[in-house]
Amino acid sequence: MSEIFRQDSDVSENSFPKKSLLKNLSGWLYSLWKFSRPHTIIGTSLSVVGLYLIAIAGFSNSTISASLTQLLGTWLACICGNIYIVGLNQLEDVEIDQINKPHLPVAAGEFSQRQAQVIVSITGIAALLLAWSLGPFLLGMVGISLAIGTAYSLPPIRLKRFPFWAAICIFTVRGAIVNLGLFLHFNWVLKGKEYIPEEVWTLTLFVLVFTLAIAIFKDIPDMEGDRQYNITTFTLQLGKQAVFNLSRWVLTVCYLGMSFSIVWLTQVNPVLVVSTHLVALGLMWWRSYQVDLQDKAAIASFYQFIWKLFFLEYLIFPATCLLT
């Protein structure tokens, strides 16, 4: 009987290290997820899928199946590049994040500086190697994005110190480089051609202006840390209310412009284009009236809502191209 108890005790004791290991692994993966800034990962993923769907419109199932490997490789390259850019920013902003975003892994002490540096280095190299193996347009897109992301965060250039150049960095990468580069890559893979149709130019213009709204709005909840560390932003220069109103009107221009795009776009479903974008515009204004600019949590929540609208566009617009 005592032998049985000893055996049970041994099994129980041996299970503790396994449970502890799994707990540590899950905790580390969760920290990595936070480190990657999930809203940017979702945005990057949807942009890859959205541009792929626009590129394959009208293609046969066999061609689409053959290009799925390219889709997966492109997505991995872009995700690695995304982690490099946001991770480098966190490495350079530890003190600021301890005030503005104390939940982030480096600011919270979940990752050491050394661990974060390793993650950033590995993902940056992986992004370039994957892009190089898949095609010249993808390599160009990833390389330019990483270069701008580095200049945005890393001294001595550190463009994020200047509101104009910070905004230029964000909407240039998200708006122009990603959309045009991804479509050129997929079009080159599928057709061997190097042209960009009106639909992609229109989506790029929409995202370019939309990302401007994101770029100027994102600093509203971060006023305290930015002021303390002398990071000049439009919010500090113009005030919260002015930047909030400006962001709403920039988004309004985006949605009205896309609604009027049916005048020149022939390869989209016009009813779907107009109805979906007017509904999204109405939702944005309705949601904005619920924001208390004295409540940091409410501001941050609306900022995440803007990102959700951004995500939605990469589902709406490809659908209008596929359902013509």
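Laboratory data are not the source of any read-out in this text; all were calculated from the coordinates shown. As the structure is a computational prediction, the values presented were derived from the model and not from experiment. With ideal geometry, Cβ positions are generated from the backbone for all residues, glycine too; neighbour counts draw on all protein chains shown.
Can you put His103, His277, His39, His185 in order of Cβ neighbours within 10 angstrom, beginning with the fewest?
Listing His103, His277, His39, His185 from fewest to most nearby Cβ atoms yields His103, His39, His277, His185.
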For Arg248, what is the net charge nearby, where nearby means another residue's Cβ is under 13 Å from its Cβ and Lys, Arg count +1, Asp, Glu -1?
+2
Residue by residue through the stretch 149-160, which ³J(HN,Hα) values in whole Hz follow from phi under the Karplus form 6.51 cos²θ - 1.76 cosθ + 1.60 (θ = phi - 60°), with glycine and proline marked x?
x, 5, 5, 5, 9, 8, x, x, 6, 6, 5, 5
Those residues of the stretch 139-177 whose amide nitrogen sits under 18 Å from the label point placed on Ser121, 7 Å along Cα→Cβ:
150, 154-155
Net charge (Lys, Arg +1; Asp, Glu -1) of residues whose beta-carbon lies under 15 Å from that of Thr44, Thr44 excluded, is +2
Candidate cut points under chymotrypsin sites (Phe, Trp or Tyr not before Pro) in the stretch 245-324, DSSP loop plus at most 11 other Cβ atoms within 10 Å of their own Cβ, are Trp264, Tyr289
In order over the stretch 293-305: 3J(HN,Hα) from phi, Karplus 6.51/-1.76/1.60, θ = phi - 60°, whole Hz, x for each Gly or Pro, gives 5, 8, 10, 4, 5, 5, 5, 4, 5, 5, 4, 5, 5
With a ≥ b ≥ c taken as the square roots of the eigenvalues of the C-alpha gyration tensor of the stretch 31-174, please select rounded if a/c is under 1.5 and otherwise prolate if a/b is larger than b/c or oblate if it is not?
prolate
Under 5 Å between amide H atoms, partner at least 5 residues away or on a different chain: which partners does Lys218 have, H built in plane at 1.01 Å?
none
Radius 10 Å from Cβ of His103, net charge of other residues (Lys, Arg +1; Asp, Glu -1):
0
Residue by residue through the stretch 245-256, the couplings from Karplus 6.51 cos²θ - 1.76 cosθ + 1.60 with θ = phi - 60°, in Hz, x for Gly and Pro, are 5, 4, 4, 4, 6, 5, 5, 4, 4, 4, 6, 5
Residue order, fewest to most beta carbons within 10 Å, for Arg287, Arg248:
Arg287, Arg248
Compactness summary of the stretch 38-322: radius of gyration and Dmax from Cα atoms, Å, are 19.2, 57
